[in-house]
Amino acid sequence: MSINAPRGTQDILPGTSEKWQFVEQQLTDLCRRYHYKEIRTPIFEHTELFQRGVGDSTDIVQKEMYTFEDRGGRSVTLRPEGTASVVRSFVQNKVYGLPNQPTKYFYIGPMFRYERPQQGRQRQFVQFGIEALGSDDPAVDAEVLALAMSSYEELGLKSLKLVLNSLGDQESRETHRKALVNHFDPYRDELCSDCQVRLDQNPLRVLDCKKDREHPAMGKAPSILEYLNEYSKDYFEKVKSFLDVMGIDYVIDPNLVRGLDYYNHTAFEIMSEAEGFGAITTLSGGGRYTGLVQEVGGPETSGIGFAMSIERLLMALEAEGVELPLDEGLDCYMVALGEEAEKAAVRLTYELRKAGVQVDKDYLGKKMKAQFKAADRLGAKYVLVLGDRELEDNVINVKDMTSGEQKEISLEEVVTYMKDQLTGGE
Ligand code: HAM
């Protein structure tokens with residue numbers, strides 16, 4: 001009986017893994033320029049962290065977590081997202097007490113959600129995310145939005161839409177919440193069973209219900225933007241003005257509410273508008289959170305961040321036909337014939353690799369012609385041929401596969417020669 005990978009997971013094989021490495025490197029470099037440093041947190045955490053952090057009433061906590069008891073009887077959960085863990089670490093390591101705030105982190109790693117798999121939605125997916133903790137300056141919100149947009153634009157994506165909203169502060173949200181309950185209560189029985197619960201627990205979430213989207217009450221629902229108090233309004237205006245000075249386009253959508261509980265003030269999503277991207281158009285999302293650090297046991301500290309999945313980023317690149325500049329070829333292929341030549345080839349391959357040259361050779365005892373064929377298939381830039389005659393003359397035949405030119409180089413000099421050829425003599 002063969003065993004397959006679990007539903008909603010995938011193997012990333014060579015041919016594709018180079019794309020992952022490339023985009024991860026680009027994103028890491030982007031973070032370096034914005035001065036965000038990498039944080040690595042555990043893949044599993046105490047279940048309570050997500051219940052309190054992500055929020056008990058969210059779909060993630062209610063239906064999607066991989067939760068199990070470990071052998072010590074503790075309930076642990078595979079992380080469904082990165083923010084709660086980053087905040088937990090920030091509090092646990094008392095990073096809030098260090099100089100140089102805000103603390104700016106980025107992370108790349110697998111997350112787990114028990115969702116119905118479809119294109120762009122897996123049960124294991126990789127998130128790239130950032131979090132800036134320790135400042136409630138709206139310029140930080142603008143910085144996070146700028147980084148988020150740049151992460152797509154620098155890779156060559158064009159069909160992007162930044163959708164922005166403000167969820168206001170606690171006070172604004174409370175008045176809006178009451179208005180929402182008053183508005184939807186007369187239609188309670190007509191709403192889906194999830195929304196009936198949401199109406200009591202988190203009425204804001206009714207606004208992004210897929211099932212009730214067409215209900216006539218939706219269009220007339222009170223908008224959060226009309227309930228923002230002066231502070232929240234001013235905050236939102238400042239975020240927008242910083243985006244304006246950077247020339248970053250956005251559209252305001254008062255119904256953008258996000259599926260996690262911890263947000264206030266800035267909330268945003270980046271969508272792909274590329275044709276053929278698929279049913280799910282959200283590339284990434286994020287926003288500001290004010291209560292989360294306290295919820296996890298730290299001092300009152302505000303943070304903002306966003307996360308994207310690399311899977312959806314690669315889908316968008318494909319949909320827009322962006323070719324990544326990947327070098328998947330091989331520098332050198334060593335062709336050897338005869339027992340002695342094989343020994344010399346093993347030594348030379350080792351020397352070249354130590355000197356930084358990428359080399360591969362035959363390990364299947366193939367004939368000369370088949371070895372050349374293999375070199376061709378692998379896209380080798382140079383083929384190095386070592387037979388008994390070359391050995392006798394203490395030389396190796398170097399063939400430039402692009403020009404077809406062949407040269408005999410002495411065995412002592414070939415490492416330096418190849419290095420020069422491949423680095424343009426630098
Ligand atoms: P989220 O909206 O739940 O937010 O997820 C962020 C992104 O992760 C999504 O936009 C999508 O790209 C990706 N994603 C989520 N679920 C899946 C899935 N099942 N398969 C593939 N990709 C998926 C958060 O996770 C927040 N922690 C973001 C944040 C950071 N807010 C503040 N800081």
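The values are calculated or read from the model by the stated rules, or taken from the named source; none is laboratory data. From a predicted model like this one, the values you see are computed outputs, not experimental measurements. So basically every Cβ, Gly included, is an ideal-geometry build from the backbone, and we count neighbours across all protein chains shown. Heads up: the accessible areas ignore ligands, DNA and RNA and are worked out on the full protein's heavy atoms, side chains in. Shrake-Rupley method; radii C 1.70, N 1.55, O 1.52, S 1.80 Å.
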Contact list, first residue from segment 136-148 and farther than 17 Å from Val163 by Cα, second anywhere and outside any helix (DSSP H, G or I) and basic (Lys, Arg), beta-carbon distance below 8 Å, six or more apart or interchain, is Asp136/Arg288
Which listed residue, of Glu311, Glu340, Glu328, is assigned to a helix (DSSP H, G or I) and open to solvent by 50 Å² or more (accessible area, probe 1.4 Å): Glu340
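Filter segment 173-232 down to residues that are hydrophobic (A, V, I, L, M, F, W, C) and part of a loop (DSSP other than H, G, I, E, B) and give me whichever is nearest to Thr266 (Cα to Cα). Give the derivation first.
Looking only at segment 173-232, we keep the residues that are hydrophobic (A, V, I, L, M, F, W, C), and these are 179-181, 184, 191-192, 195, 197, 199, 204, 206-207, 209, 217-218, 221, 224-225, 228.
Within this subset, residues satisfying the condition of being part of a loop (DSSP other than H, G, I, E, B) are 191-192, 209, 221, 228.
Working: Leu191: 28, Cys192: 28, Cys209: 20, Ala221: 20, Leu228: 12 Å.
Per the stated criteria, the residue is Leu228.
Quick grid of which residues meet (1) more than 25 Å from the chain's Cα centre (by Cα); (2) more than 26 Å from Ala319 (Cα to Cα):
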{"position": "Arg198", "(1), (2)": "yes, yes"}
{"position": "Arg213", "(1), (2)": "yes, yes"}
{"position": "Ser232", "(1), (2)": "yes, yes"}
{"position": "Met246", "(1), (2)": "no, yes"}
{"position": "Tyr262", "(1), (2)": "no, yes"}
{"position": "His265", "(1), (2)": "no, yes"}
{"position": "Glu273", "(1), (2)": "no, no"}
{"position": "Gly287", "(1), (2)": "no, yes"}
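Give segment 39-95 a look and list any residue that's of a type in the set (Ser, Thr, Tyr) and under 18 Å from Ser302 (Cα atoms), or say none.
We begin by selecting, within segment 39-95, every residue of a type in the set (Ser, Thr, Tyr); these are 41, 47, 57-58, 66-67, 75, 77, 83, 85, 89.
If the condition is that a residue be of a type in the set (Ser, Thr, Tyr) and under 18 Å from Ser302 (Cα atoms), then Thr83, Ser85, Ser89 are the ones that fit.
Report, by residue number, each residue of segment 110-142 that is over 23 Å from Phe277 (Cα atoms) and either touching a strand residue (DSSP E or B) at 6+ places or on another chain (Cβ under 7 Å) or near the ligand (Cβ under 9 Å from one of its atoms) (or both).
Step one: list which residues in segment 110-142 are over 23 Å from Phe277 (Cα atoms), which gives 130-142.
Matches in segment 110-142: Ile130, Glu131, Ala132, Leu133, Gly134, Val140, Asp141.
Within segment 200-213, track down each residue that is free of Cβ contacts under 8 Å to residues at least 24 places away in the same chain and surrounded by 19 or more Cβ atoms within 10 Å (Cβ to Cβ). Walk me through it before giving the result.
First pass over segment 200-213, keeping only residues free of Cβ contacts under 8 Å to residues at least 24 places away in the same chain: 200, 209-213.
Matches in segment 200-213: Asp212 only.
So which of Gly278, Gly287 ends up being part of a strand (DSSP E or B) and either more than 14 Å from Tyr152 (Cα to Cα) or in contact (Cβ under 8 Å) with a residue 40 or more places away in the chain (or both)?
Numbers: Gly278 fails: part of a strand (DSSP E or B).
From the options Gly278, Gly287, the qualifying one is Gly287.
Answer yes or no as to whether Gly298 is part of a loop (DSSP other than H, G, I, E, B), away from the ligand (no atom under 12 Å from the Cβ) and at positive phi.
Values: part of a loop (DSSP other than H, G, I, E, B): yes; away from the ligand (no atom under 12 Å from the Cβ): yes; at positive phi: no.
The answer is no for Gly298.
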Residue in segment 226-238 that is modelled with pLDDT of 95 or more, touching a Leu at 6+ places or on another chain (Cβ under 9 Å) and within 11 Å of the ligand (Cβ to nearest atom) present: no
From Ile270, Ile310, Ile252, which residue is more than 9 Å from the ligand (Cβ to nearest atom) and at pLDDT 95 or above? Ile252
